[in-house]
Structures are given as C-alpha cells and as structure tokens.
Amino acid sequence: MKSYLVGGAVRDRLLGREVRERDYVVVGATPQEMIAAGYRQVGKAFPIFLHPDSNEEYALARRGRDEVGQFGSEVTLEQDLMRRDLTINALAEDESGAIIDCCGGQQDLQARVLRHISADFVEDPLRILRVARFAARYADFGFRVAKETMQLMSEMVAEGAVDDLVPERLWQELEKALAEPLPAPFFDVLRRCGALKKLLPELDILWGVPQPERWHPEVDTGDHTMMVLACAAKRSHEPEVRFAALVHDLGKGVTPPEKWPSHHGHEESGVRLIEQLCERLKAPKRFCELACLAARYHTKLHHIEELRDSTALKMLEGLDAFRRPERLAQFILVCESDFRGRAGFFDRPYRQAGRLLTLFGRAASVDCGEIAANESDPEKIKEAVYRSRLAAMKQQDRVPYPASWPNILNPAK
C-alpha cells in the first residue's frame with residue numbers, strides 16, 4: 001500500500017503557485033485495509049477516505065472515468081494518471097519527493113500548454129469547460145490550449161457533446177470561471193471551439209455587433225464585454241459583480257442590424273435576456289438581481305450629470321440603495337468597469353460615481369424615523385420620505401459625500 005500526492009498540488013508547486021489543498025491516490029489497498037489503518041470513509045459510489053490526522057482526502061487508484069467498479073488493489077498509479085483530462089494534471093509525487101510523469105506533464109508545464117491525454121477526453125463534455133477554466137486560471141502564466149486539443153473540443157461541440165449539459169453543472173463551471181483571476185480567457189476558449197454559441201448564445205452573438213466609435217473605440221460589442229469583465233475582475237473578487245459586468249450589454253445583441261451602431265433601448269432588452277439566461281442556468285437570485293439592475297441603470301449612471309435629481313432618486317430607490325447600500329457599491333463597480341472597459345479608457349477616472357455617492361449621502365441623511373413619528377397618516381409616510389430625500393439632494397451647500405466604500409457601506413441614518 002503506497003500513497004502519492006497527485007494532480008493540482010503537484011502542478012501548482014512546480015509552477016511556483018501556492019498549494020491550497022492536497023489530494024492523494026492510494027495504490028495497492030482495499031477499502032477494508034484503509035479503514036483498518038484508521039482512515040474514515042466518506043465516499044459511497046467511489047470510496048474517498050480522510051486521513052486520521054490531517055483530514056486530507058485519499059482516493060483509491062482507479063482506471064477509466066466511471067467511478068463505479070473501476071477501483072481495486074490491482075490498479076496501478078499509471079492507470080490512475082492516464083484517466084485524467086490534461087497532461088499537467090496527471091503528475092504524481094511519492095513520499096521522497098520524486099515526480100512520476102507518464103504523460104509528459106512536466107514538458108507541457110514548461111511549454112505552457114494545456115493538452116489532453118488521450119481520446120478518452122471525449123467521454124466527458126464538462127472537460128471542455130474545465131480546459132477553458134484552466135486557460136483562465138493560468139492566463140497570467142502564458143498558457144494556451146494545444147492545437148490538437150482545441151480541434152478535438154471543436155469536433156465534440158459539432159457532434160453535440162455539450163447540447164445536453166445539466167444547467168446546474170454549467171452554472172457551477174461558469175461561477176468557478178468568474179472567480180478566476182482573469183476570467184475572460186474562459187469565454188475566449190469556449191468561443192473558439194464553438195461551445196459558447198451553444199451554451200451562452202446571448203453572449204456569443206455580441207461579437208460582430210458594432211457600437212458608435214465615438215464612445216467605443218474598440219467598436220465590437222463582444223470585445224467591449226471582455227474588456228469590461230477584465231476591469232471588473234481587477235476591481236472586485238465578487239462573482240456577482242463579474243457576472244453583471246459580463247451580461248450588462250446583452251440587449252445589444254438583439255438590436256436590428258439596420259439600427260446599428262445605435263442601440264437605443266438595449267437596457268430593458270438586456271434585462272429580459274438576463275432573466276431568461278438566469279432561469280435557464282438556474283443561477284442564484286443574487287446574481288440575477290444585480291445583473292438586471294446593472295443592465296437597466298448603467299447608462300443612467302453614465303449620464304448622471306444630465307439627470308434630474310428626481311430621476312437619480314428613483315434610480316437609487318430602484319437599486320434599493322437605502323436598505324442595501326452594499327448592492328449600490330456593487331452596482332457602481334459594474335458601471336465603473338463598463339466605463340473603463342473601452343480602448344483608451346482603462347485608467348480614466350469615473351467621476352459619475354462620486355456624483356451618485358454625493359446624492360446618495362445627502363438622501364441617506366434624512367431621518368426616516370423622525371418623519372414617521374411626525375406623520376399622522378401612515379399612508380403618507382413613503383411620500384414624505386421621498387420629498388425629504390429629494391429636498392436633501394437639492395441642497396448645494398453640503399460638503400460632497402466622500403466617494404469611498406466604507407462610507408457607502410455605512411451611510412448616515
């Protein structure tokens with residue numbers, strides 16, 4: 001009975017990345033022997049065991065992709081490594097620190113290549129999403145998908161491999177991709193192999209849709225979307241913010257070509273598409289809510305200097321900013337990313353955020369409790385609060401509300 005450190009821990013250590021979790025493969029053992037050695041079994045269909053001291057996961061070596069009936073004390077380490085998806089994930093390390101590499105993983109690590117191990121790759125269409133996610137995770141290391149792997153994934157997509165993916169699994173991979181340091185390459189890989197058109201057609205259609213060059217020097221809506229996502233990823237680790245940045249302009253994909261490059265009304269068109277997309281993928285409610293708000297109001301914030309105070313107040317109320325200032329912060333991050341996600345705009349100041357925060361701070365300073373206590377008719381309280389907030393927003397002698405996240409998260413009561 002021998003155990004080996006495998007997969008991501010070995011890969012990341014060789015890349016010089018922080019190793020956050022370790023997985024082990026055990027060769028030459030049965031479930032009964034593992035339990036007798038003090039390990040605690042947690043897997044049912046396929047036995048996974050927790051180490052009695054470290055609580056780290058140890059799995060019995062297995063052959064093939066299927067989890068049932070493929071493990072046994074006779075399965076070798078090489079058989080276990082060969083069933084994996086990419087060569088860089090098929091590395092093992094023994095107790096002495098020696099690397100076992102039967103698939104050329106070390107060479108591909110050095111060459112910065114994501115390459116499938118064998119034709120068995122086609123057995124699991126989720127591997128296409130996994131390759132795309134690795135492209136995002138290791139983009140800053142310069143990794144690229146091998147030509148033959150991209151060709152294989154394109155063939156899988158053409159043959160319908162991704163057509164019946166379970167929505168929940170697709171959403172899980174999408175959310176993981178959005179959490180990567182540079183999520184944009186995930187969508188680039190899916191687009192290049194044709195999977196994006198089938199999985200996220202609302203997003204895929206944006207490429208080739210022009211925008212006014214005066215406001216969008218990059219012109220192409222798909223390119224703009226990836227730039228916005230990159231900006232959002234730089235400014236926020238929250239997947240909800242990144243998702244909202246990704247889908248904020250979906251409405252432009254349904255603008256009739258004869259109206260290009262104008263996209264009047266794309267905000268509400270985008271809201272409908274986002275709701276349909278989130279329902280199809282069974283996305284959590286918090287993702288859908290922020291994304292719809294960003295789609296509906298982002299152009300209003302961009303033009304806030306031209307808005308009436310009453311319009312700005314209605315936007316704040318629509319954002320539920322007074323009860324949920326943290327969501328207002330998220331919304332501003334999405335809009336700031338949209339503003340900067342254009343050619344030549346990446347480091348420009350977004351003064352509109354300061355203006356909105358100034359108005360919000362003034363309106364939030366209104367004492368709603370006092371208004372409620374002094375209003376004899378409960379049905380008039382809401383209108384009285386609105387009038388008081390609007391009056392506060394119109395005051396010009398106040399010091400501008402500081403444009404900083406601590407203040408927006410703890411507004412005046």
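The values are calculated or read from the model by the stated rules, or taken from the named source; none is laboratory data. Just so it is clear, the model here is predicted, and its values are computed rather than measured. Here the Cβ positions follow ideal geometry from the backbone for every residue, glycine too, while neighbour counts run over all protein chains shown.
Conditions tested, residue by residue: (1) modelled with pLDDT under 95; (2) under 18 Å from the mean Cα position of the chain (by Cα); (3) of a type in the set (Phe, Trp, Tyr); (4) in a helix (DSSP H, G or I).
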| site | (1), (2), (3), (4) |
| --- | --- |
| ALA132 | no, yes, no, yes |
| THR149 | no, no, no, yes |
| PRO181 | yes, yes, no, no |
| PHE186 | no, yes, yes, yes |
| VAL189 | no, yes, no, yes |
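Would you check if there is a residue in the stretch 295-313 being under 19 Å from the mean Cα position of the chain (by Cα) and assigned to a helix (DSSP H, G or I)? Taking every residue of the stretch 295-313 in turn, at least one turns out to be under 19 Å from the mean Cα position of the chain (by Cα) and assigned to a helix (DSSP H, G or I).
Within the stretch 314-323, the set of residues being over 19 Å from HIS248 (Cβ atoms) and not in a helix (DSSP H, G or I) comprises PHE322, ARG323. Just wondering, is there one or more residues in the stretch 196-211 that are free of Cβ contacts under 8 Å to residues at least 12 places away in the same chain, of a type outside the set (D, E, K, R) and within 30 Å of THR149 (Cα to Cα)? Looking for residues that are free of Cβ contacts under 8 Å to residues at least 12 places away in the same chain, of a type outside the set (D, E, K, R) and within 30 Å of THR149 (Cα to Cα), one finds at least one in the stretch 196-211, hence yes. Scanning the stretch 255-294 for residues that are touching a residue at least 40 places away in the same chain (Cβ under 8 Å), farther than 23 Å from ALA329 by Cα and either touching a strand residue (DSSP E or B) at 6+ places or on another chain (Cβ under 8 Å) or assigned to a helix (DSSP H, G or I) (or both) gives TRP260, PRO261, LEU273, GLN276, LEU277, ARG280, LEU281. Each residue in the stretch 304-316 was checked for being touching a residue at least 24 places away in the same chain (Cβ under 8 Å) and either among the basic types (Lys, Arg) or surrounded by fewer than 15 Cβ atoms within 10 Å (Cβ to Cβ) (or both), and 2 pass. Please tell me if ARG327 is at negative phi and either out of contact with any helix residue (DSSP H, G or I) (no Cβ under 8 Å at 6 or more places or on another chain) or outside any helix (DSSP H, G or I) (or both). When the stated conditions are applied, ARG327 does not pass them.
Does SER3 satisfy the condition of being out of contact with any strand residue (DSSP E or B) (no Cβ under 9 Å at 6 or more places or on another chain) and either surrounded by fewer than 13 Cβ atoms within 10 Å (Cβ to Cβ) or in the same structural domain as LEU81 (by TED's automatic domain parsing) (or both)? No. Looking at the stretch 68-88, which of its residues are of a type in the set (Asp, Glu) and surrounded by fewer than 15 Cβ atoms within 10 Å (Cβ to Cβ)? GLU74 - this is the single residue of the stretch 68-88 that is of a type in the set (Asp, Glu) and surrounded by fewer than 15 Cβ atoms within 10 Å (Cβ to Cβ). Of the helices (runs of 4 or more DSSP H) lying entirely inside the stretch 1-93, those carrying at least 1 residues that are in contact with a Pro (Cβ under 7 Å, 6 or more places away or on another chain) are 31-36. Does ASP140 satisfy the condition of being of a type in the set (Asp, Glu), touching a residue at least 12 places away in the same chain (Cβ under 8 Å) and exposed (fewer than 13 other Cβ atoms within 10 Å of the Cβ)? Judged against the criteria, ASP140 is a match.
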